[in-house]
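The values are calculated or read from the model by the stated rules, or taken from the named source; none is laboratory data. This is a predicted model, so every value here is computed, not measured. Every residue, glycine as well, gets a Cβ built from its backbone with ideal geometry; the counts of neighbours run over all protein chains shown. Surface accessibility is based on the protein's heavy atoms, side chains included, excluding ligands, DNA and RNA. Shrake-Rupley method; radii C 1.70, N 1.55, O 1.52, S 1.80 Å.
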Amino acid sequence: MAAELKYEISQHAYIKLVLHALKHNTTAVNGILLGRVNPQNENVVEIIDSVPLFHSNIALLPPLEIALIMVEEHYGSQGLGIVGYFHANERFDDAELGIVAKNIGDHIFRYFPQAALLLLDNKKLEAVPKGKGQSPLMQLYIRDTSKNWKLAGPDGGSRLVIKEPAANVVLSDYISSEKWQGIVDFDDHLDDIKKDWLNPELFK
Amino acid sequence: MVSKTEETQLNRLENQVDNGGGGAWEYLCLVRKLKVRRSEKVLKYGLSILNDPKKRSALGPEEWTLYEQVAIAAMDCQCLDVTKDCIKVLQKKFPESKRVGRLNGMLLEAKGSWAEAEKAYSSLLEDNSLDQVIHKRRVAMAKAQGNISEAIELLNKYLEIFMADHDAWRELAEIYVSLQMYKQAAFCYEELILSQPTVPLYHLAYADVLYTLGGLENLQIAKKYYASTIDLTGGKNTRALFGICLCTSAIAQVSKGRNKEDKESPELQSLAATALEKDYKQRAADKLSLLTSALRSLKI
């Protein structure tokens with residue numbers, strides 16, 4: 001039996017995604033995961049960076065197509081590719097992986113068969129300032145052999161880990177200081193191209 | 001719906017107030033006028049006026065409008081105690097008011113007491129069946145409980161009566177898009193374009209939906225609506241410019257091998273590409289090379 005695939009997400013990528021969801025807390029948001037298969041261990045996928053994409057009309061193709069072209073072009077020159085997709089639902093109570101997320105996931109799967117779908121876990125997010133947990137605030141979904149997106153493990157188990165163990169502490173700090181105000185996504189860029197979806201200044 | 005100039009004006013005012021430069025009341029009025037959702041700021045600055053007796057009396061009769069505005073903002077921030085206090089003040093001043101009754105209904109919503117809120121709204125509707133706000137609250141409640149099909153049904157019923165409510169048409173369109181019901185979303189945008197043909201946002205959204213639907217005919221129409229968006233925005237809309245490029249590329253792909261009877265003139269695409277390149281060079285130079293490769297990849 002093949003060894004189980006593990007996903008390791010960098011603090012940088014992880015925090016960006018959560019902050020994006022917090023900034024647009026009244027709508028669904030999504031983002032793209034960038035990374036590669038670990039060159040020393042082909043059973044580990046490294047999620048090295050992320051790009052927050054949209055906070056409105058997520059199911060429309062034109063902005064998504066432009067975003068994917070530009071994102072791939074930028075990261076391709078750094079040897080990284082699209083390895084997954086992040087989604088946060090509009091409603092707090094909605095813990096389901098919706099059809100739009102699955103469709104976009106399917107598209108990414110075609111180019112990267114080990115693609116990961118991450119869904120923000122709102123209940124865990126709510127608990128972040130109180131708890132000191134190290135597990136990520138997201139559910140991990142992977143495509144199984146019957147072409148369905150299945151939840152990996154009881155709650156992602158240990159198949160999705162954050163590379164830096166103190167990430168949730170850092171995230172907690174950022175939440176208190178309202179760091180999410182500064183996050184720029186692709187929607188913002190399309191509305192005003194001066195805004196940079198790479199967020200170069202965000203963590204300085 | 002807010003134009004770019006209006007948003008800039010609002011943000012400038014917001015920054016001014018944030019940095020202690022005054023203008024809180026002006027800001028609150030603008031937020032009300034533009035119907036935007038900036039609940040944390042409204043709560044903060046609204047309360048600072050309401051809690052100061054001098055500032056409060058200086059508002060005159062507008063004081064009550066502010067209580068209402070703060071009550072709603074407080075609900076959005078889940079500060080229900082503030083809401084209750086505001087409602088109490090308003091109830092004392094306007095004892096028989098339906099408008100205050102509405103706020104009570106919203107408070108029940110904010111607490112998650114859906115059945116009670118529904119009861120409150122139904123009884124208010126008995127006295128005035130044409131209260132648009134309450135009808136829309138019921139849509140919002142359905143949506144909040146995840147009952148999207150009921151939200152759609154209620155919204156459609158609402159639009160049969162209030163067919164001039166543009167915001168409602170937009171809301172319906174966006175709900176359809178989120179469910180990937182693009183044909184139905186297209187219909188909504190068609191209604192909007194018919195009634196307000198010079199609003200570029202509707203042309204753009206319609207084009208986006210048609211492109212997403214796909215197929216040669218839809219792509220050709222989408223291209224026309226991206227073009228009209230560019231026309232209505234003086235060539236400044238980045239999304240529409242990209243849209244032209246995407247359409248041209250997609251049309252070329254779809255019509256490969258077909259009879260090239262209506263040959264697409266390449267001028268529109270090259271104009272759009274040039275406009276994009278010029279804009280990026282000026283305002284986002286570090287992304288220019290990405291843009292150029294993206295445009296190149298679309299010319300397949």
- Query: Looking at segment A:1-48, which of the residues that are among the β-branched types (Val, Ile, Thr) and without any contact (Cβ under 8 Å) to a residue 40 or more places away in the chain is surrounded by the fewest Cβ atoms within 10 Å (Cβ to Cβ)?
  - Reply: A:Val44
- Message: Of everything in segment B:24-43, what is over 16 Å from the mean Cα position of the chain (by Cα) and open to solvent by 30 Å² or more (accessible area, probe 1.4 Å)? Give them in sequence order.
- Response: B:Trp25, B:Glu26, B:Cys29, B:Glu40, B:Lys41
- Message: Within segment B:147-198, take every residue that is among the aliphatic types (A, V, I, L, M) and open to solvent by 30 Å² or more (accessible area, probe 1.4 Å) and give me the one that is nearest to A:Arg91 (Cα to Cα).
- Response: B:Ile148
- Query: Out of all the residues in segment A:172-201, which are closer than 15 Å to A:Leu22 by Cα and in contact (Cβ under 8 Å) with a residue 40 or more places away in the chain?
  - Reply: A:Ser172, A:Tyr174, A:Ile175, A:Ser176, A:Lys179, A:Trp180, A:Gln181, A:Ile183, A:Val184, A:Asp185
- Only one residue in B:Leu219, B:Leu241, B:Leu213 is surrounded by 19 or more Cβ atoms within 10 Å (Cβ to Cβ), more than 8 Å from chain A (Cβ to nearest Cβ) and more than 17 Å from A:Leu190 (Cα to Cα). Which one? B:Leu219
- Task: Could you please give the count of residues in segment B:272-300 that are of a type in the set (S, T, N, Q) and at the interface with chain A (Cβ under 8 Å from one of its Cβ atoms)?
- Result: 2
- Checking B:Val70, B:Val89 in turn, the sole residue that is open to solvent by less than 30 Å² (accessible area, probe 1.4 Å) and part of a helix (DSSP H, G or I) turns out to be B:Val70
- Task: Keeping to segment B:8-23, report how many residues are open to solvent by less than 50 Å² (accessible area, probe 1.4 Å) and within 22 Å of A:Asp191 (Cβ to Cβ).
- Result: 3
- Test B:Arg170 against the criterion of being more than 22 Å from A:Val29 (Cα to Cα) and either of a type outside the set (S, T, N, Q) or within 17 Å of the chain's Cα centre (by Cα) (or both), and give yes or no. no
- Could you check how many residues of segment B:36-56 are in a loop (DSSP other than H, G, I, E, B) and within 14 Å of another protein chain (Cβ to nearest Cβ)? 3
- Query: So which helices (runs of 4 or more DSSP H) stay within segment B:214-300 end to end and still have 2 or more residues that are out of contact with any Gly (no Cβ under 8 Å at 6 or more places or on another chain) and over 30 Å from B:Met181 (Cβ atoms)?
  - Reply: B:267-283, B:288-298
- Task: Quickly run through segment A:98-108 and pick out the residues that are away from chain B (no Cβ under 12 Å) and open to solvent by 50 Å² or more (accessible area, probe 1.4 Å).
- Result: A:His107
